[in-house]
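Q: Got a structure for you, written out below as structure tokens; questions coming shortly.
The values are calculated or read from the model by the stated rules, or taken from the named source; none is laboratory data. Computed from a prediction, not measured in an experiment: that's the story for all the values here. Cβ placement follows ideal geometry from the backbone for every residue including glycine, while neighbour counts extend to all protein chains displayed. Accessible surface areas use protein heavy atoms only, side chains included; no ligands, DNA or RNA. Shrake-Rupley method; radii C 1.70, N 1.55, O 1.52, S 1.80 Å.
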Amino acid sequence: MSHNSFGHLFRVTTWGESHGPAIGGVVDGCPPLLQLSEADIQPWLDRRRPGQSKFTTQRQEPDQVRILSGVFEGLTTGTPISLVIENQDQRSRDYADIATQYRPGHADLTYDAKYGIRDYRGGGRSSARETAMRVAAGAVARRVLGEAIRIRGALIQIGPHRIDRARWDWDHVNANPFFCPDPVTADLWESYLAAVRKAGSSAGAVIEVVAEGVPPGLGAPIYGKLDADLAGALMSINAVKGVEIGEGFAAAALTGEENADEMRMSGRDVVFASNHAGGILGGISTGQPIVARFAVKPTSSILSPRRSVNRDGQDIEVMTKGRHDPCVGIRAVPVGEAMLACVLADHLLRHRAQNPDAPTVLQLPRN
């Protein structure tokens, strides 16, 4: 069984392990004649790259991507685009002590139970190192979507500390090491995470991703719901334990009157007074911004001893050495953006195949 691919018309397959010689991916279904080079992909990978601050893992990986196929003279050819990134800073010795131990919160036990063999070096295939290729694929997806669709993400909560949405400033997201849109909360997170890191512990986080300029009509009403595919894509990111679209769980506390996104006409266009639905109704995009959030659990690799078992069935205590993110949610921001881009690219190609003349704004059908 493979389970290493996602998407339909825009299909992404990844391969490789955390401490192997390289990680890679194949993007299939990309239309031809789109401008693409390593320079178009690298800036997105640099945003995810480890070792850029004291609040992320100190593993030093340049994450330089190479395009091996699918591009000729700077243009996509319509054939599979193969991408590779060399692993250059593995320290496998850090994991020697846990070769037969199961770390609480990790995939060690389930991985071993399923396959009967596991690469204990950094989690092997189950490591978040794999997400670098998702970011690379997301860069290709952005080329498919074009400049009219803008995708951005931000960290909105670390541990118990949430941002103040009244201070939201997109320009501040790339001005701090947390992708935080609130400069006041960014300062709070710095002192909070410094204490967490010093204690050898970790913290969880919530990330919000937004896509603006998405045309109406993407998705299908039953098994091809745009929000279902988006939720599945975000849920597939390592350490994610919850996903919500629009108001999400908060919608349960609203009345029907409060939650309804009222509509009015502006010429022939339909406009909404609010966006509680997060840009998706009945599994189909409305033309409003797509808004999704996902929760990331605290990093399971911590220095504090935790009770567990080993492969011999003995009760033990596990303390994980090595270089780890005190909050994996920080570098999950560009990963969430990439998954949103890939899902939208896939649905955009599906929509064009079925409705090549569909309008780019929400309009009433002509009688």
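Q: Leaving out ligands and nucleic acids, and using a 1.4 Å probe, what accessible area per residue does the stretch 177-231 come to in Å²? Can you show the working numbers first?
A: Numbers: 2150 Å² over 55 residues.
On a per-residue basis, the stretch 177-231 sits at 39 Å².
Q: Of Tyr192, Tyr111, Tyr223, which has the largest mean-square fluctuation in a 10 Å C-alpha GNM of the chain?
A: In this elastic network of the chain, the residue with the biggest mean-square fluctuation among Tyr192, Tyr111, Tyr223 is Tyr223.
Q: Would you mind checking the tilt of helix 38-48 against the longest principal axis of the Cα atoms of the chain, expressed as 0 to 90 degrees and rounded to 10?
A: Rounded to the nearest ten degrees, it is 60.
Q: Using Cα atoms only, what is the angle between the long axis of helix 131-145 and the major principal axis of the chain, expressed in degrees (0 to 90) to the nearest 10?
A: It works out to around 10 degrees.
Q: Ok, one more. Using a 10 angstrom cutoff on alpha carbons, build the Gaussian network for the chain and name the most mobile of Trp170, Trp189, Trp44.
A: Comparing Trp170, Trp189, Trp44 in a Gaussian network model of the chain, the most mobile one is Trp170.
Q: Taking H placed 1.01 Å from N in the peptide plane, check which residues at least 5 places from His19 or on another chain put their amide H under 5 Å from its amide H.
A: When sequence neighbours closer than 5 places are left aside, the close amide H contacts are Gly124.
Q: Ok, one more. Please give the residues of the stretch 325-359, grouped as numeric ranges, whose backbone N is less than 20 Å from a label point set 7 Å along the Cα-to-Cβ vector of Ala148.
A: What the label zone holds, given the 20 Å backbone N cut-off, is 340-359.
Q: Would you mind classifying the stretch 65-167 by shape? Square roots of the alpha carbon gyration tensor eigenvalues, ordered a ≥ b ≥ c; an a/c under 1.5 is rounded, otherwise it is prolate if a/b is larger than b/c and oblate if not. Write out the running numbers ahead of the final one.
A: Details: a/c = 2.68, a/b = 1.29, b/c = 2.09.
Taking the square roots of the gyration eigenvalues as a ≥ b ≥ c, the stretch 65-167 is oblate.
Q: Let me ask something additional. Rounded to a whole number, what % of the accessible area of the chain do carbon and sulfur atoms account for, probe 1.4 Å? It would help to have the intermediate numbers written out before the result.
A: Working: 9390 of 17780 Å².
That fraction is 53 percent.
Q: A follow-up question, please. Kindly rank 67-78, 329-340 from highest to lowest mean number of other beta carbons found within 10 Å of each residue. Kindly include the intermediate steps, with their values, before the conclusion.
A: Working: 67-78: 14.7, 329-340: 28.1.
Ranked by mean Cβ neighbours within 10 Å, highest first: 329-340, 67-78.
Q: Given the -39500 (n - 2.57) contribution per DSSP H run of 4+ residues, what per-residue ellipticity at 222 nm results for the chain, rounded to the nearest 500 deg cm²/dmol? Could the numbers behind the result be given before it?
A: Numbers: 7 runs with 87 residues, N = 367.
My calculation for the chain gives -7500 deg cm²/dmol from helical runs alone.
Q: Determine the gain in length on full extension of the stretch Trp168-Glu190; use 0.36 nm per residue of separation and subtract their C-alpha separation, reporting nm with one decimal.
A: Numbers: separation 22, 0.36 × 22 = 7.92 nm, distance 1.76 nm.
Net length gain for the segment: 6.2 nm.
Q: Cα to Cα, under 16 Å, and not fewer than 8 places away if on the same chain: which aspartates and glutamates meet these conditions relative to Lys198?
A: Output for Lys198: Glu190, Asp325.
Q: At 0.36 nm per residue, and after removing the present C-alpha to C-alpha distance, how many nm does the segment from Val309 to Val270 gain when stretched out fully?
A: Numbers: separation 39, 0.36 × 39 = 14.04 nm, distance 5.88 nm.
Contour length minus Cα-Cα distance gives 8.2 nm.
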